[in-house]
Each structure stands twice: as C-alpha cells, then as structure tokens.
Protein chains: 2
Amino acid sequence: MAETSNRSNRFLRALRRESVDTTPVWIMRQAGRYLPEYRATRARAGSFLALAQTPELACEVTLQPIERFELDAAILFSDILTVPHAMGLGLHFVEGEGPKFAAPVRSAAAIAKLGVPDPEGPLRYVMDAVRLVRHELGGRVPLIGFAGSPWTLACYMIEGEGSRDFARVKAFALNEPAAMHTLLDVNARAIAAYLAAQAAAGAQALMVFDSWGGMLAPALFAEFSQRYLAQITALLRADARARAVPLIVFSKGANASLEILADTGCAALGVDWTLTLDEARRRVGARVALQGNLDPATLLASPEVIRREVARVLDDFGAHPGHVFNLGHGITPDVDPANLTVLIDAVHAHTAHGERG
Amino acid sequence: MAETSNRSNRFLRALRRESVDTTPVWIMRQAGRYLPEYRATRARAGSFLALAQTPELACEVTLQPIERFELDAAILFSDILTVPHAMGLGLHFVEGEGPKFAAPVRSAAAIAKLGVPDPEGPLRYVMDAVRLVRHELGGRVPLIGFAGSPWTLACYMIEGEGSRDFARVKAFALNEPAAMHTLLDVNARAIAAYLAAQAAAGAQALMVFDSWGGMLAPALFAEFSQRYLAQITALLRADARARAVPLIVFSKGANASLEILADTGCAALGVDWTLTLDEARRRVGARVALQGNLDPATLLASPEVIRREVARVLDDFGAHPGHVFNLGHGITPDVDPANLTVLIDAVHAHTAHGERG
C-alpha cells in the first residue's frame, strides 16, 4: 500500500510523480513584501542584504508564510546573487533600483580570475540559514534550496545590474563566446557546489531560477543556458549529498525549449503562464513533473475569479501525477494576503477527491 | 511568366507568398533614434508628438531610412496611441517616462462614452502624412500603415501609461469582463476604420502591433486579444478600400497562440526571436507569410556575427515563399547604423540565388 500523502510530504511525492491526496502548492516569493510581517522584519533588519545574510532573520521570514498559510513547501529566503557576491563582485542594493555589483566582469581577463567559492566559507551564512530553517520547520513541510542559473548570473555579472533586455550581455556572448563559456562553466560549478551544500545542510528539494534564459533565441538558449543547466544536473547526480534531492529548473519564457530542458535530467520544470500545462505536458511527456502556472496578476482579481482561474490551471494539467501548483512568476507586493488563502484553499479543495495521480 | 521581383514589389509579393528575387527586409522602428538624421528632425520638431502630428516632418523621418538603406518597405512614422488620443484621452509624453493619458478610462461608465473617431477628422494629420509619404516615395518601395491592437490600446487606456506587467489591466479584464469587452469592441471598430482610411490614403500594407498580447495566458489571449484581431480582419475584408491590402498581425510573445492568430485571416504573422521560423512555419503551415525574427541585440555584435545570425534566421525559414525579414522587435537607439547596412546586405546576398520561393 502506498505511503499516505499529507502536508509534510505531498510536495516531494508530486516531484517524484507519485500519487498525492491533494495537489501541493507553494508560491514563488511567498516570503515577501506582500506580507506585513515580512515588511516588519525587513525594517528591523535595516536592509535587504542584512536580512538575507543574518540566518535568524532569514529563518524568520522563511517561516512566516508557512505559519500563516496552508502551503506545502517552504523556500529559503535568500537571493540568487549570493554566489557572484561570494566570488568577489561586491553585491549591494540601491533603494528603488535593485541589485548592483561594484566589480562587474566584462573581459576575458576578469572572467579568468573567478573561482568557485566554498559554500561553507563566504556562503556559510546561507548554509546556517538552511540548517536553522530545517530545524525550526520540524518536519511540517519540506524546505527548498535554490540558486540562479549560470546564464542568469552571467547577465548580472556582466551588466553589473538589472536590465530590461540584457542586450549588451547577449552581444558579449556573440562576440566573445569563449570568454562567455568560461564564465558559464565556473558559474555552473559554483552553483552545483552551492546547491549540493544546501542539500547537505538540509534542503529537501533544489530549484534553479533561469530568470533571463527566455530572452535568448532557441539556438543561443541551447548553447548558453540549457547546456549549463545540464552540467549542474550532472554534477548534482555525481554528488552523494545531492543525488536523491529533486531539482526543479525554471527557465521563464523559454517555452520553445521545454523539450531540451526536460533532457537536462531535472525532476521538474517550472512553467510560466503563457503556455497551458496540457500543452507543456504533451511536449515533455511524463519524464518530469511540472510546476506552475497561474498568472500572478490573477491574485489582484476577486475571490470568485481566483477560484475559477485556479480550477482552469488544475484542469489544464488534468488528473495525472506530477503537478506542483505555483504561480508562473513571483507574487507581487500589491497582493492582499487574503487572496493567497483563497488560492491555496482552491487548489486543495479542487483536487481533494481522493489520491490524485 | 511571373512578374519580375525587385525593390518596389518584393515585399508585397512575399506577403502574397509569391516568388521573389531576394527576401525583402524592413526593420521595426527603422525611422528612429539610432539615426542621427532622425535625431536632428526630432530636435527641430521640439517634441515627439509634434513630430508625429506634423505631416511634413513625419514624412521626412519616414523617408530617412529609405534614402540611407536598401530597405524594401517604408513604414509610416506615427504612434499606436494616436487612436485613443483622438477618442479624447489626452495623450502626452513625459521626457524619459514615455506616453501618458490625461484621462484614462477605468470604469464601465467612462468606457460607454467612447466612440469611433473619424479618421479624416481628428486623425486627419495621419492620413495627410500617408498621402504625402506615398507621393514622396514615388513607387520606390511600398508603404506600410499601422495601428495598435484593441488589447494593447486598452492596456494604455486603462493604466494611463506604460507598465511592466499591466497587472491592474488584467485584473480589470477578469473582474469586469463586460466592460472590457465593450472597450475592446469600440477599439476594434476604431482601429479598423483607421486602417481602412490609411489604405484609402495610400498605404499598401497594414500592420497591427499587439505589443502586450503575449502577457496573457492562452485562454485569456483568445478571449481578450485574438477575438478582436479577427474582428479587425473581418471589418477590413468587408471594406472595399482595404480588402486587397495585406494585413500583418504581430502579437509579441504570444507564441502559444500562433495557430489561432493565423485563423484571424491576416496575410502574415510577425514572429519574435524566441521561436524559430521553421517551428512557426510547421505550426501555421503555408496559410500565412511570416515576418521576423532576428533578436535586435544581434545588431550590437560584430559584422561577422550579424551575417552568421542573419543566415541562421533565413535558413530556419528555408527556401519557401512567404518570408519578410525583420527583427523580432524594434531596433534600439544604441545600434550603429552601419550594422543595419550589414544586416540588409546579408539578407539580400544570402537569398539572391535566383527567385526564392
């Protein structure tokens, strides 16, 4: 007889494409600015970076949405740019402008100097946060660790800050492919080491956010993003600490490349809302679980509309194993937390007719 | 024997999926800030709006790229927001912030008051510009007229300005679908009248820019965008002035919906660079011509790389009739005009081995 599914394990069971009592749900940026308790802790921390770098505070905000909502997974509160910061690029945040690096890398010479940071050295604050959160969760729900993708980190490392289109980064990739490949390789090795260390510290699932992969034409996506996502998967499989920990890959907007993303060997793919889950599932088959994909803007609508749109996403996926409900992008600061309760209840109620899958 | 194809007609022949001597090419925003002569005329006009609203100046900048480059079509210099401006919303531009409306529409009552503006009334300056450009072109290349899509205009009309995600507009569509459909219907009728009048004034092809359709989930795209693109196509077919004028529809990012876009009955679909043209062609068949789809960032790379990436796009489409080369989005202000010469020459040289198609 199958193990019983409940809040403590339905997320991991869904990632393994096993039957679950109801579809699990968590929300990208669930520990975030839409929550008044988050804003209070953030104010106490003094800065975003202090919040992310103080394990006790990072733990506190990680747990806030778990206490308030019937979410089925926790995700570590951190930032994708911790890794390049540990490589020496000097991360800082300018209020209202987002992240910036003091020392962006824009030449083959600067790239050649980069190394893989020790996860228990300059990144120890992240591992300490993972250990603390895992302890404080006490088995209620699984903990997700995460990192940015090699391409997405490279975008910020070269540009030095955010950009609407990262056009200069794409031009660098086209004009100096050898230097770009060197950068992506060191990023992939650094990210794999970082994720394996998070698994060793207690993360029960891992996720890679390829936030800017979808800006690349398909041939360049294969060359500059997917290839290094596959390298990370291979490195994690070869690492005894991470081998059994499921990996979720989310390349937002890279919908033309779903098949080769499934080929990376990850356990699950994140899907944004511009593709239906039945179409995504038709294309990748049952090789991977799927995570997504409600438009975050839906949470600005009425409870009645939220319930209808949640049902639409669930029905798009259908009564198969291997669905983790999520938004197709992070929750936005202007959402009323009460609407997230409506969403979570709708997911659980709509799929609670016996074991799903 | 087939009519001979040359600069004056290869664009229109490709839209009809007829054979051409070389693949035609034009560039979205070819009359734009990357050109020093454009910046000079723009400075003389005093403001963007004065430039767009003075037929002699709009004509001057429309012709500038035709004089400088071997482009195969001219596109009227104008703005998609001329139509809501003529509806009384009060368009103005704030330097560095983009377009704004003095009187956005945010209620069913405000929407109910909107009517279809007379294209030869408050929009006569656009028709005068079309007539002047057509005369000044003297048959060298065909002239494209254009408009924004019903959904894209609705985004600006409700939000009152640009937005990263138009989340409030999507919430309005979800919460008040009847009011949104009323708005989209009046927009579709206004746009069809505007495009038909441009055809009557001399435009030889028409294009609808659905810049924000791709932000909608597929079911909502069908309901709030594609349906009204089909309404425009039907209205133009029923209008003797526009019936024979090919219509290009470009819903940037709506790549999950290419099939239903082809079903609108348009002559051609614009395609952004995140989908290969062979994949797009496989999905829509030979029902429509395709226009695209080089990543605009490629123009920041070296001439050698530009030539290689142009060849990749041409080879993706293959030796079929019905390809108009373009970028997958507008050319950016930081491009060196010399690189556009490289692109245009590469398109013509790569496809000049006899009649293509």
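The values are calculated or read from the model by the stated rules, or taken from the named source; none is laboratory data. Keep in mind that this is a model prediction, so the values were computed, not measured. In this analysis, Cβ positions are derived from the backbone assuming ideal geometry, glycine residues included, and neighbour counts consider all displayed protein chains.
Picking from residues in region B:206-252 that are within 14 Å of chain A (Cβ to nearest Cβ), over 14 Å from the mean Cα position of the chain (by Cα) and part of a loop (DSSP other than H, G, I, E, B), the one that is surrounded by the fewest Cβ atoms within 10 Å (Cβ to Cβ) is B:217.
Only a single criterion out of (1) more than 30 Å from residue A:96 (Cα to Cα); (2) of a type in the set (Gly, Ala, Ser); (3) surrounded by fewer than 23 Cβ atoms within 10 Å (Cβ to Cβ) is not satisfied by residue A:330, namely (1).
Among the residues of region B:290-304, those that are outside any loop (DSSP other than H, G, I, E, B) and either at the interface with chain A (Cβ under 10 Å from one of its Cβ atoms) or crowded, with 23+ Cβ neighbours inside 10 Å (or both) comprise B:290, B:291, B:292, B:293, B:294, B:296, B:297, B:298, B:299, B:300, B:304.
For region A:266-286, the tally of residues that are in a loop (DSSP other than H, G, I, E, B) and modelled with pLDDT of 95 or more stands at 8.
For region B:263-285, the count of residues that are surrounded by fewer than 16 Cβ atoms within 10 Å (Cβ to Cβ) and among the hydroxyl-bearing types (Ser, Thr, Tyr) is zero. Would you confirm whether or not region A:146-159 contains a residue that is over 17 Å from residue A:251 (Cα atoms) and surrounded by fewer than 23 Cβ atoms within 10 Å (Cβ to Cβ)? Looking through region A:146-159, at least one residue is over 17 Å from residue A:251 (Cα atoms) and surrounded by fewer than 23 Cβ atoms within 10 Å (Cβ to Cβ). Which ones in region B:253-263 are within 16 Å of the chain's Cα centre (by Cα) and in a loop (DSSP other than H, G, I, E, B)? Residues satisfying the conditions are B:253, B:254.
Residues in region A:50-69 that are more than 11 Å from residue A:129 (Cα to Cα) and in contact with a strand residue (DSSP E or B) (Cβ under 6 Å, 6 or more places away or on another chain): 1 in all.
Screening residue B:70 on (1) within 19 Å of the chain's Cα centre (by Cα); (2) surrounded by fewer than 22 Cβ atoms within 10 Å (Cβ to Cβ); (3) not β-branched (Val, Ile, Thr) shows it passes everything except condition (1).
If you go through region B:223-259 and pick out every residue that is of a type in the set (Phe, Trp, Tyr) and either without any contact (Cβ under 8 Å) to a residue 60 or more places away in the chain or within 20 Å of residue B:14 (Cβ to Cβ) (or both), you end up with 1.
Residue A:83 versus (1) under 17 Å from the mean Cα position of the chain (by Cα); (2) within 30 Å of residue A:344 (Cα to Cα): which is the lone unmet condition? Of the numbered conditions (1) under 17 Å from the mean Cα position of the chain (by Cα); (2) within 30 Å of residue A:344 (Cα to Cα), the odd one out for residue A:83 is (2).
Among the residues of region A:195-205, those identified as among the hydrophobic types (A, V, I, L, M, F, W, C) and either out of contact with any Lys or Arg (no Cβ under 8 Å at 6 or more places or on another chain) or within 14 Å of chain B (Cβ to nearest Cβ) (or both) are A:195, A:205.
With respect to residue A:93, is the statement that it is at pLDDT below 95 and under 17 Å from residue A:39 (Cβ atoms) true? So residue A:93 passes the test. The condition (being surrounded by fewer than 19 Cβ atoms within 10 Å (Cβ to Cβ) and either polar (S, T, N, Q) or free of Cβ contacts under 8 Å to residues at least 40 places away in the same chain (or both)) is satisfied by just one residue among B:168, B:140: B:168.
Residue B:162 fulfils the conditions (1) in contact with a Cys (Cβ under 9 Å, 6 or more places away or on another chain); (2) within 14 Å of another protein chain (Cβ to nearest Cβ); (3) at pLDDT 95 or above except for a single criterion, (3). Only one entry of A:103, A:2 meets the criterion of being in a loop (DSSP other than H, G, I, E, B) and modelled with pLDDT under 95, and that entry is A:2. Within the bounds of region B:230-248, is there any residue that is within 16 Å of residue B:153 (Cβ to Cβ) and of a type in the set (Val, Ile, Thr)? So far as region B:230-248 goes, yes, one or more of its residues are within 16 Å of residue B:153 (Cβ to Cβ) and of a type in the set (Val, Ile, Thr). In the set (1) within 14 Å of chain A (Cβ to nearest Cβ); (2) surrounded by fewer than 21 Cβ atoms within 10 Å (Cβ to Cβ); (3) over 22 Å from residue A:257 (Cβ atoms); (4) touching a Phe, Trp or Tyr at 6+ places or on another chain (Cβ under 8 Å), residue B:307 fails one condition alone, (4). Among the residues here, residue B:37 does not qualify as within 21 Å of the chain's Cα centre (by Cα), modelled with pLDDT of 95 or more, charged (D, E, K, R) and not in a loop (DSSP other than H, G, I, E, B).
Out of everything in region B:165-179 that is part of a helix (DSSP H, G or I) and among the charged types (D, E, K, R), what residue ends up being farthest from the other protein chains (Cβ to nearest Cβ)? By that ranking, first place goes to B:168.
May I ask you to list the residues in region B:306-335 that are in a helix (DSSP H, G or I) and within 20 Å of the chain's Cα centre (by Cα)? Hit for region B:306-335 is B:313, nothing else.
No other residue among B:109, B:43, B:50, B:86 is under 22 Å from residue B:173 (Cβ atoms) and in a helix (DSSP H, G or I) apart from B:109. Residues that are free of Cβ contacts under 8 Å to residues at least 40 places away in the same chain and within 11 Å of chain B (Cβ to nearest Cβ) within region A:260-282 comprise A:275, A:279, A:280, listed in sequence order. Within region B:121-130, is there a residue that is buried (at least 17 other Cβ atoms within 10 Å of the Cβ), in contact (Cβ under 8 Å) with a residue 40 or more places away in the chain and among the small types (Gly, Ala, Ser)? Checking region B:121-130: at least one residue is buried (at least 17 other Cβ atoms within 10 Å of the Cβ), in contact (Cβ under 8 Å) with a residue 40 or more places away in the chain and among the small types (Gly, Ala, Ser). Just to be sure, is residue B:343 within 14 Å of another protein chain (Cβ to nearest Cβ), within 25 Å of residue A:173 (Cβ to Cβ) and in contact with a Phe, Trp or Tyr (Cβ under 7 Å, 6 or more places away or on another chain)? When the stated conditions are applied, residue B:343 does not pass them. For the list (1) closer than 15 Å to residue A:71 by Cα; (2) more than 24 Å from the chain's Cα centre (by Cα); (3) among the β-branched types (Val, Ile, Thr), I need the number of the one condition that residue A:342 fails. Residue A:342 satisfies all of (1) closer than 15 Å to residue A:71 by Cα; (2) more than 24 Å from the chain's Cα centre (by Cα); (3) among the β-branched types (Val, Ile, Thr) except (2).
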